[in-house]
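Report on the structure given below.
Read-outs throughout are calculated quantities, based only on the coordinates presented, and are distinct from any laboratory measurement. What you are looking at is a predicted structure, and each value in this text was computed from that prediction instead of being measured. When we count neighbours, we look across all protein chains shown, and the Cβ atoms used for this are built from the backbone with ideal geometry, even at glycine.
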Amino acid sequence: MLQNFCDWLSNTSVSLTIQTITWIIPAVQTIHILCVAIVMSCMAMMDLRLVGVAGTRRPVSAAVSRFVPWVWGALPVLLATGIILIIGEPSRELLNPYFRLKMASLVVVIVITFFVQRQNTKDAAYWEARKGMAAIAGALSLLLWVGIVTCGRWIAYY
Amino acid sequence: MGIPEFCAWLENTSFATAIRQSTWLFPAIETLHVLAIVIVVGSVTMLDLRLLNIAWRDRSIREIHEDVLPWTWASFAVAAIAGALLFSSSATKYYHNIPFRMKMALLVVVAINAAIFEFGIYRRVADSREGERIPVAAKVAGAAGIVLWIAVVACGRWIGFTK
């Protein structure tokens, strides 16, 4: 069924346009990667602060409130550019196990990030008072983001 | 030995041959390259945005420079080594690739921009506090940094779409 959907999608005029105009995919991928740069750097800085490795001069709450909004800002652009790439090459993405793993990891990391931010908003000292949990959340988040980027690149090699 | 001869020698080294012939080595090194680049670009942009007075205005430029740039440099080293390995696998092909040449030329400009900032402008703006005016030279360095890195990423992506 998904195969049928991919076949249908790849024959729509939008998809055919993306397939025919050769610069669209690399241009959209470039925007996608630049947004990945924003997300990865912000999440790395926040996660390393949660773990207690980077930016330790300032409290955890400062790192969380500094970096998370940039992620929420970049994610819609990532989603939009990602959808354009899917429309251009539906079966390359939708039938790809790395793509599915990437999406599953993304859901998990969004939940973690949302939770980290929410607890921080409720109580600025929340993560400072729970160093072990903060370190686990930070390490898990960083690991998931690295996994997401890795899956993203391996989609091209499946 | 000229550059074409060097490329021919490089791609015949044992590690270059191994990368070229393996099914997973190239994507694995490329993944490392991408991971390192996104950290380089994102982290340096944090500083550039501060120079433009757009983000992180409540911290001094020195504080951001000290907190963020070590990660940028470490990631850049990883990106450069991974990139050199990727280059070695098909050195001659990349040497003749136009986006690759543009990327390398842009990196030279990035280096010049960074050097001008590090060895001159930085000392003047390092301790500027919130609300303080940032000199035009620093703003130009920040804006140039952002534009240049976007171009570097675009060229990098284009390499994969050209023969």
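List of remarks:
- Checking B:Val68 against (1) within 30 Å of B:Ser128 (Cβ to Cβ); (2) β-branched (Val, Ile, Thr); (3) free of Cβ contacts under 8 Å to residues at least 24 places away in the same chain, the condition it does not meet: (3)
- On the stretch given as region A:122-134, residues that are closer than 18 Å to A:Val111 by Cβ and either polar (S, T, N, Q) or in a helix (DSSP H, G or I) (or both) total 5.
- Residue within region B:137-147 that is assigned to a loop (DSSP other than H, G, I, E, B), touching an Asp or Glu at 6+ places or on another chain (Cβ under 8 Å) and of a type outside the set (A, V, I, L, M, F, W, C) present: no
- The helices (runs of 4 or more DSSP H) located wholly in region B:1-99 that include 3 or more residues which are hydrophobic (A, V, I, L, M, F, W, C) and within 14 Å of chain A (Cβ to nearest Cβ) occupy B:25-51, B:61-89.
- Residues that are charged (D, E, K, R), more than 15 Å from the chain's Cα centre (by Cα), more than 9 Å from chain B (Cβ to nearest Cβ) and within 30 Å of B:Glu66 (Cβ to Cβ), drawn from region A:1-60: A:Arg49
- Only one of the listed residues (A:Leu95, A:Leu9) is touching a Pro at 6+ places or on another chain (Cβ under 8 Å), among the hydrophobic types (A, V, I, L, M, F, W, C) and surrounded by fewer than 18 Cβ atoms within 10 Å (Cβ to Cβ). That residue is A:Leu9.
- Output for region A:113-125, where each listed residue is crowded, with 18+ Cβ neighbours inside 10 Å and among the hydrophobic types (A, V, I, L, M, F, W, C): A:Val116
- Some residue of region A:60-71 being touching a Phe, Trp or Tyr at 6+ places or on another chain (Cβ under 6 Å) and within 18 Å of B:Val153 (Cα to Cα): no
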